[in-house]
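The values are calculated or read from the model by the stated rules, or taken from the named source; none is laboratory data. All of these numbers come straight from a predicted model, not from anything done at the bench. Methodologically, a virtual Cβ is constructed for each residue, glycine included, from the backbone with ideal geometry; neighbour enumeration extends over all protein chains shown. The accessibility values were calculated without ligands, DNA or RNA, using every heavy atom of the protein model including side chains. Shrake-Rupley method; radii C 1.70, N 1.55, O 1.52, S 1.80 Å.
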Amino acid sequence: MSAAALEVSALAKVFGGLAAVNGVELTVPAGERRVLIGPNGAGKTTLFHCITGTLAPSSGTIALFGRDVTRLPEHRRTALGMGRTFQITNVFPELTMAENLALAILGTDRRKWVMHRSLAAFAAVRRQALEGLERVGLAGRADEPVKRVSYGERRQLELALALNTSPKVLFLDEPCAGLSPAERQRISRMIAGLPRDITLLMIEHDMDVALGLADRVTVLHQGRVILEGTPDEVRANSEVRDVYFGHA
Ligand SMILES: Nc1ncnc2c1ncn2[C@@H]1O[C@H](COP(=O)(O)OP(=O)(O)OP(=O)(O)O)[C@@H](O)[C@H]1O
Ligand SMILES: [Mg+2]
């Protein structure tokens, strides 16, 4: 039997006296689309940060395809196939969409590009950047400075940046937050269209998006997993229904 894409065991993160993540067990098989839901403050983002290496957990372990990565720095986890959306603060607003992605491409393999600083190499980077933009539906916006595109298009750029690292396991924390209904629909369609071999972990507040996309759903509450199941099982659960769908 091959190892799960992700196996989180007894994970905890304590801030001062507060256990934001409190003994989480989470196993996600390769290729699965798992959506994480839970009320505000449930610990979803903290859990993501511990898994991707932004935060050091207080205790517990994280394995990626059977390899313990608990103590690896973030960039090593990225190199092993963990991808996540970058905060938009990491992009250069004066540069165009294509230039931002080109910089990221150069950054992923700096040595190679420094050695081949030829016109042909730059053209290849440009081409790769355009392909990356096209993949997230931004082909027409390549030469627009980031500061002049919509918030929704920035979020699409973030996705292109994440995909640029060729992730095997992709973490998306509320990719539709703050978007208009039309933009939300566009991004969720794009996420649904990602290759099925990318294991996906996504935090999502919009229940229609969450349950429409997920193979399985994990419900977090006060730092603990209170339920895991198929979208139908989650929909039918009375505790979850009370929190999310109002009352029947
Ligand atoms: N850096 C920090 N220092 C102290 N407390 C923190 C820190 N980050 C998060 N917390 C606390 O940990 C708890 C979990 O927060 P977290 O952001 O993980 O929740 P969340 O489920 O992502 O919520 P939301 O749905 O609002 O994004 C909250 O009580 C929060 O105030
Ligand atoms: Mg959060």
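Looking only at segment 24-42, which residues are in contact with a Leu (Cβ under 7 Å, 6 or more places away or on another chain) and more than 20 Å from P231 (Cβ to Cβ)?
Residue satisfying the conditions is V24 alone.
If you take the residues in segment 146-179 that are of a type outside the set (G, A, S) and assigned to a loop (DSSP other than H, G, I, E, B), which one is nearest to ligand 1 (Cβ to nearest atom)?
E174
Does segment 180-206 hold any residues that are of a type in the set (A, V, I, L, M) and within 16 Å of ligand 2 (Cβ to nearest atom), and which are they?
L201, M202, I203
Within the bounds of segment 229-240, is there any residue that is more than 16 Å from ligand 1 (Cβ to nearest atom), surrounded by 13 or more Cβ atoms within 10 Å (Cβ to Cβ) and part of a loop (DSSP other than H, G, I, E, B)?
yes
Would you point out the residue of segment 205-228, among those that are assigned to a loop (DSSP other than H, G, I, E, B) and more than 14 Å from ligand 1 (Cβ to nearest atom), that is least open to solvent (accessible area, probe 1.4 Å)?
The residue in question is A214.
Of the numbered conditions (1) in contact with a helix residue (DSSP H, G or I) (Cβ under 9 Å, 6 or more places away or on another chain); (2) at pLDDT 90 or above; (3) assigned to a loop (DSSP other than H, G, I, E, B), R196 satisfies every one except a single condition; which is it?
Of (1) in contact with a helix residue (DSSP H, G or I) (Cβ under 9 Å, 6 or more places away or on another chain); (2) at pLDDT 90 or above; (3) assigned to a loop (DSSP other than H, G, I, E, B), only one is false for R196: (1).
Which condition from (1) modelled with pLDDT under 95; (2) at negative phi is the one that G38 breaks?
Of the numbered conditions (1) modelled with pLDDT under 95; (2) at negative phi, the odd one out for G38 is (2).
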